[in-house]
1. Of (1) open to solvent by 40 Å² or more (accessible area, probe 1.4 Å); (2) more than 15 Å from the chain's Cα centre (by Cα), LEU189 satisfies all except one. Which?
2. From ALA128, ALA46, grab the single residue that is touching a helix residue (DSSP H, G or I) at 6+ places or on another chain (Cβ under 7 Å) and either touching a residue at least 60 places away in the same chain (Cβ under 8 Å) or within 18 Å of VAL186 (Cβ to Cβ) (or both).
3. For region 60-84, give me the residue count where each residue is hydroxyl-bearing (Ser, Thr, Tyr) and either under 16 Å from the mean Cα position of the chain (by Cα) or under 11 Å from SER35 (Cβ atoms) (or both).
4. If the Cβ limit is 9 Å and pairs must be 6+ apart or interchain, which residue in region 160-189 that is farther than 21 Å from LEU84 by Cα and in contact (Cβ under 8 Å) with a residue 40 or more places away in the chain pairs with which residue that is aliphatic (A, V, I, L, M) and open to solvent by 40 Å² or more (accessible area, probe 1.4 Å)?
5. Looking at (1) of a type outside the set (Asp, Glu); (2) surrounded by fewer than 24 Cβ atoms within 10 Å (Cβ to Cβ); (3) touching a Lys or Arg at 6+ places or on another chain (Cβ under 7 Å), which one does ILE168 not meet, given that it meets all the others?
6. Hey, could you check region 104-124 for residues that are of a type outside the set (A, V, I, L, M, F, W, C) and either under 16 Å from PRO187 (Cβ atoms) or modelled with pLDDT of 95 or more (or both) and say which is surrounded by the fewest Cβ atoms within 10 Å (Cβ to Cβ)?
7. Among the residues of region 68-80, which ones are touching a Gly at 6+ places or on another chain (Cβ under 8 Å) and open to solvent by 70 Å² or more (accessible area, probe 1.4 Å)?
8. Name, by its number, the condition in (1) polar (S, T, N, Q); (2) in a loop (DSSP other than H, G, I, E, B); (3) open to solvent by less than 10 Å² (accessible area, probe 1.4 Å) that does not hold for SER127.
Amino acid sequence: MRPMRSYGGGGGGGFGFPSVESTAAKLAIGLVVGSVLSLAVRSLGALLVLTPGAVFPGLMLWQPFTYGFVEFSPLGIIFGAYALYSIGGGLEMSWGSKRLLWVVLGGTVLAGLLTTALSLFFPLLRSAQYPGGWVMGTIAWVAYGLSIGRGQTNFWGMPITGNVFAGIGAGFVLLNALAGSWISQVPELFGLCITFIAVRGGSPRSILLRLQHWRLQRQLRGRSRHLRVISEERPDDRYLN
């Protein structure tokens, strides 16, 4: 049973921060360093953030891989780094470093690629600039909550379930979309979908096994249509020899 952990202070168990050598800490440090450099050298920031029109056809193919380490607002940098270090650290202790990278960093990259693909059909997206530090932080937040599910955690002194914790993280994205424009939240919205599939849908191997199971069941049902039920009445034994 997963122990109760707290975020933001307040009672209930507390949270042990991971080592600075952990993968979660390195992601958080990368976000802080990338953001500070982007603020100090604006031209560098323009190259690192995701601008769908620059990725295709502009051929700045690195942007879906770098935008997750850039935030321009102080709150975005602080809370994004905190989410990666603390909440991401909790995921790393449960999942291990490899799965943390696949879900949190890989999900951020995939969200950027999907945003770029969507811009081919919605021209308004092509000129938008997307720093992705909070995309990565949101994925870590929601993934942690979904991984706990109905188990208990602690948020600012309030005992809540993991599902509610995940809902709070998703709520921030939806509120930002309502307060501003859905265009500004496209990577985050993709990130929410990717996180749900990654945590609740299972690993690529489990999805493949499910597809194989479904295919086998379909084949068996198709073969069963050609079978005929044999009458329970025994035939005359004289004709068996």
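1. With respect to (1) open to solvent by 40 Å² or more (accessible area, probe 1.4 Å); (2) more than 15 Å from the chain's Cα centre (by Cα), LEU189 is out only on (2).
2. ALA128
3. Filtering region 60-84 for residues hydroxyl-bearing (Ser, Thr, Tyr) gives 66-67, 73, 82.
Restricting the remaining residues to those that are either under 16 Å from the mean Cα position of the chain (by Cα) or under 11 Å from SER35 (Cβ atoms) (or both) gives 67, 73.
Here the count works out to 2.
4. Final answer for the pair search is ILE183/LEU124.
5. Only one criterion in (1) of a type outside the set (Asp, Glu); (2) surrounded by fewer than 24 Cβ atoms within 10 Å (Cβ to Cβ); (3) touching a Lys or Arg at 6+ places or on another chain (Cβ under 7 Å) is unmet by ILE168, namely (3).
6. GLY106
7. Hit for region 68-80 is PHE79, nothing else.
8. If we test SER127 against (1) polar (S, T, N, Q); (2) in a loop (DSSP other than H, G, I, E, B); (3) open to solvent by less than 10 Å² (accessible area, probe 1.4 Å), just (3) comes out false.
The values are calculated or read from the model by the stated rules, or taken from the named source; none is laboratory data. Owing to the predicted nature of the structure, the values given are computational and were not obtained by experimental measurement. As a convention, Cβ positions derive from the backbone with ideal geometry for all residues, glycine included, and neighbour counts pool all protein chains shown. Surface areas here come from the heavy atoms of the whole protein model, side chains and all, with no ligands, DNA or RNA. Shrake-Rupley method; radii C 1.70, N 1.55, O 1.52, S 1.80 Å.
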